[in-house]
């Protein structure tokens, strides 16, 4: 079954305090204070001088297991939140392939699941590899984006975006981090710009916990697991408060939700769950055989969850 | 909601995909979308182009020119999908930006298309994106993830920034869509292959190599990326409209698919994306009798 072979992270060295980010966005002191005290945000990572090609290349180069295995990489998928990320015909993904020695790989961006896109990319990569005649074939998933426009900097009253990036090597069969289930719920009724539409924003915020919980429990049921058997929850990094509320609803211990990167990096688009996987394994929070749940939602809206076995 | 369990490690020995190409449509959409007049388009495009030092195309912005991928794709859904035969998988493919560049159109399509399919978009691969989508649909079918799939390629003709180098742009707003179904009739995908880093000087040689692989009596459609390539010997060829770089090949394939005189012959499409140098080939078997 589909397995994560390795995960690596690139966090740009510049950490901007949210007060500076908020000031640039024209937020009031109260709004910034709410982000810090209520949502648990502290700083966001940005790469002031680099472009998207630099970001993706750095994430892939952080994958030690990629070196020497470039020839095995058949597919490269950029899991991206924004449908457009560079002015046509500029193509940062293919520019990155040139720097990485991967021009032989079939490479495309997979998008329109917003920040839940890395779960979709893992499902697509797994199916391409399962159907590939070469059992040693690998897929490389890249995630990470530039905060180049207001909609890529803030979700009003909810999150501030950062430029953390991640890369993952995927195999059709592996010994660890195997995908046991995937659930995805696409809800077009939440299409629109939340910043301009308070009614839409209120409707989305009201519905969010129920929809998030429903997709997570669907993934648990499909995998034959329960909240009791799940060692860790690796969430998207929108903020702390929304996950604390969900934990109260489902009776799951908040200290088993990996939220370290919320204050440290900001919401890094579709890279969040890979960033949190890297943090969880780096901190020794997962033991071999542990089941864990990854969950994310994307504006538009998509809700997705996956159960994996470490 | 779509839910699935673990995938097999491999589908080998290679099990045949149950999907058959049963229908295809191609069409143009005239006029401009009202979304092209939305001030958000200027804001987004300015923020997108600024780091790359590109200027806005003030004529395109002031003229509110451009078409919506939601409008093009929803028309494709209405033309091809019967509510009695719901779709499991929908892939939207594009290369040039939408007039509402921040919208996740595929999510909208999941709600519009019968079957509430798993819907997503593929981009940043030029004309190769639709060949990737073919491979993805085939992989989903062979791993139990789709019994019916809809692939929609869209292109709209107006950029709202001035590109830093010559770029392929369509001369109209168009869509091409392919419907794949299991359960009788249609054409099986026989061959899906590609060559990478094909330089301009090597194109003719690779097309000739591809042609040699084709089954007897195949009709080969040469996509817009092969407009300058002489027709190879050994197969009957047709050429796609060059003014539709990203949907033209599939539109020519749709024409051939609808021609009853070609029902007993294999159909193939080859195309090259000049930005990546990848040359793709797909070939479908003769039509199987329905039922």
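The values are calculated or read from the model by the stated rules, or taken from the named source; none is laboratory data. Just so you know, these numbers come straight off a predicted model, no measurement behind them. Here the Cβ is made from the backbone with ideal geometry for all residues, glycine too, and neighbour counts use every protein chain on show.
Things to note:
- Within the range B:79-103, the set of residues being part of a loop (DSSP other than H, G, I, E, B) and more than 10 Å from every other protein chain (Cβ to nearest Cβ) comprises B:81, B:82, B:83, B:84, B:85, B:86, B:87, B:88, B:99.
- Restricting A:95, A:49 to residues that are assigned by TED's automatic domain parsing to the domain that holds residue A:125 and outside any helix (DSSP H, G or I) narrows the list to A:49.
- Scanning the range A:234-255 for residues that are surrounded by 16 or more Cβ atoms within 10 Å (Cβ to Cβ) and either free of Cβ contacts under 8 Å to residues at least 24 places away in the same chain or more than 18 Å from the chain's Cα centre (by Cα) (or both) yields A:243, A:246, A:247, A:252.
- Selection from the range A:221-257 of residues that are in contact with a strand residue (DSSP E or B) (Cβ under 6 Å, 6 or more places away or on another chain) and under 11 Å from residue A:293 (Cα atoms): A:223, A:225, A:229, A:230, A:231, A:232, A:233, A:234, A:235, A:256, A:257
Residues checked against (1) more than 11 Å from chain B (Cβ to nearest Cβ); (2) surrounded by 14 or more Cβ atoms within 10 Å (Cβ to Cβ); (3) outside any helix (DSSP H, G or I):
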position: A:199; (1), (2), (3): yes, no, no
position: A:204; (1), (2), (3): yes, yes, no
position: A:218; (1), (2), (3): no, yes, no
position: A:221; (1), (2), (3): no, yes, no
position: A:232; (1), (2), (3): yes, yes, yes
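- Number of the exception - residue B:106 against (1) assigned to a helix (DSSP H, G or I); (2) modelled with pLDDT of 95 or more; (3) out of contact with any strand residue (DSSP E or B) (no Cβ under 7 Å at 6 or more places or on another chain); (4) within 10 Å of chain A (Cβ to nearest Cβ): (3)
- Out of A:183, A:172, A:214, sole residue that is modelled with pLDDT of 95 or more, buried (at least 24 other Cβ atoms within 10 Å of the Cβ), out of contact with any strand residue (DSSP E or B) (no Cβ under 6 Å at 6 or more places or on another chain) and farther than 30 Å from residue A:48 by Cβ: A:172
- Taking the conditions (1) more than 20 Å from the chain's Cα centre (by Cα); (2) modelled with pLDDT under 95 in turn, residue A:13 satisfies each one other than (1).
- The range A:133-159 - residue that is within 30 Å of residue A:200 (Cβ to Cβ) and outside any loop (DSSP other than H, G, I, E, B) and, of those, farthest from the other protein chains (Cβ to nearest Cβ): A:159
- Residue in the range A:291-305 that is within 16 Å of residue A:212 (Cβ to Cβ), away from every other protein chain (no Cβ under 14 Å), in a loop (DSSP other than H, G, I, E, B) and at pLDDT 95 or above present: no
- Pick from the range B:44-76, criterion part of a helix (DSSP H, G or I) and away from every other protein chain (no Cβ under 13 Å), ranking: nearest to residue B:148 (Cα to Cα): B:76
- Residue check, residue B:161 within 7 Å of chain A (Cβ to nearest Cβ) and touching a residue at least 60 places away in the same chain (Cβ under 8 Å): yes
- Boolean, residue A:264 is farther than 22 Å from residue A:2 by Cα and either touching a residue at least 60 places away in the same chain (Cβ under 8 Å) or assigned by TED's automatic domain parsing to the domain that holds residue A:161 (or both): yes
- Residue ID - farthest from the other protein chains (Cβ to nearest Cβ), chosen from residues in the range A:76-118 that are within 18 Å of residue B:139 (Cβ to Cβ) and surrounded by fewer than 24 Cβ atoms within 10 Å (Cβ to Cβ): A:105
- Qualifying positions in the range B:116-132 - in contact with a strand residue (DSSP E or B) (Cβ under 7 Å, 6 or more places away or on another chain), part of a loop (DSSP other than H, G, I, E, B) and more than 19 Å from residue B:192 (Cβ to Cβ): B:117, B:124
- Residue ID - farthest from residue B:23 (Cα to Cα), chosen from residues in the range B:62-84 that are free of Cβ contacts under 8 Å to residues at least 60 places away in the same chain and in contact with a helix residue (DSSP H, G or I) (Cβ under 9 Å, 6 or more places away or on another chain): B:63
- Among the residues examined, residue B:135 does not qualify as within 7 Å of chain A (Cβ to nearest Cβ) and without any contact (Cβ under 8 Å) to a residue 24 or more places away in the chain.
- From B:233, B:291, B:243, residue being surrounded by fewer than 19 Cβ atoms within 10 Å (Cβ to Cβ), at pLDDT 95 or above, part of a loop (DSSP other than H, G, I, E, B) and not assigned by TED's automatic domain parsing to the domain that holds residue B:134: B:243
- Residue match in the range B:85-92 (condition: farther than 24 Å from residue B:245 by Cα and in contact with a helix residue (DSSP H, G or I) (Cβ under 6 Å, 6 or more places away or on another chain)): yes
- Qualifying residue in the range A:160-167 (condition: in a loop (DSSP other than H, G, I, E, B), modelled with pLDDT of 95 or more and within 13 Å of another protein chain (Cβ to nearest Cβ)): yes
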